[in-house]
Amino acid sequence: MDGFDYPMGNIQMTGKSLGPMYRGEKPFETALVPLGLLGELARHTVDFWLTTEDLPDPENRVTVDKSGSITLSYTPNNQVPRQRLYDKLKSMLRHLGMHPDRLIPRDIYPKTSVLDVNCKAHELDNLYVVDTSFFVSIGAVNPSLTAIANAIRVGDHLLQRLR
């Protein structure tokens, strides 16, 4: 079972959470919780990933300043379909023998990266990643055009570097 598609988004089973992934999660402060306990929590969870579309917003963007610092400016939108999808998942849990009041929402935005702004691995001088695996998360739309545009951008960077 890959997932369920609804007009407002889709529900998918994801890979399994591990204890360290709960570090710093809200609404719980987990920084002081022993990793063994977080691992036990993760072992008893079922992971779902709900995805909905972000509507176009010119204020939502990723920028890079002259020193190379990356800034994410993002305001969530399209929240009504998101809530409807969340409510749909909750309504299904009891039928699956699960507790609908024990969902722990997680918003995962990495604070560090493996790649620099040119999609080059920080630790390797000759490794560039230009497939869709450079995305920190994936939206509910086909990423092909974004991947193509990024590959062209990185290709231009490589041409400059080789000159």
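The values are calculated or read from the model by the stated rules, or taken from the named source; none is laboratory data. The structure displayed is predicted, hence computed values, not measured ones. Every residue, glycine as well, gets a Cβ built from its backbone with ideal geometry; the counts of neighbours run over all protein chains shown. In case anyone asks, the SASA skips ligands and DNA or RNA and just uses the protein heavy atoms, side chains included. Shrake-Rupley method; radii C 1.70, N 1.55, O 1.52, S 1.80 Å.
Looking at the range 141-156, which of its residues are surrounded by 15 or more Cβ atoms within 10 Å (Cβ to Cβ) and in contact (Cβ under 8 Å) with a residue 24 or more places away in the chain?
N150, V154, listed by residue number.
List the residue pairs whose Cβ atoms are under 6 Å apart, where the first residue sits in the range 34-48 and is open to solvent by 60 Å² or more (accessible area, probe 1.4 Å), the second is outside any helix (DSSP H, G or I) and modelled with pLDDT of 85 or more, and the two are 6 or more positions apart or on different chains.
none
Among the residues of the range 52-95, how many are out of contact with any Asp or Glu (no Cβ under 8 Å at 6 or more places or on another chain), more than 26 Å from D116 (Cα to Cα) and either among the aliphatic types (A, V, I, L, M) or in contact (Cβ under 8 Å) with a residue 60 or more places away in the chain (or both)?
So the count comes out to 11.
Is it the case that the range 51-71 has a residue that's surrounded by 15 or more Cβ atoms within 10 Å (Cβ to Cβ), assigned to a loop (DSSP other than H, G, I, E, B), modelled with pLDDT under 85 and on the phi < 0 side of the Ramachandran plot?
The answer is yes, given that some residue of the range 51-71 is surrounded by 15 or more Cβ atoms within 10 Å (Cβ to Cβ), assigned to a loop (DSSP other than H, G, I, E, B), modelled with pLDDT under 85 and on the phi < 0 side of the Ramachandran plot.
Given the condition outside any helix (DSSP H, G or I) and at pLDDT 90 or above, answer yes or no: does some residue in the range 111-118 qualify?
So far as the range 111-118 goes, yes, one or more of its residues are outside any helix (DSSP H, G or I) and at pLDDT 90 or above.
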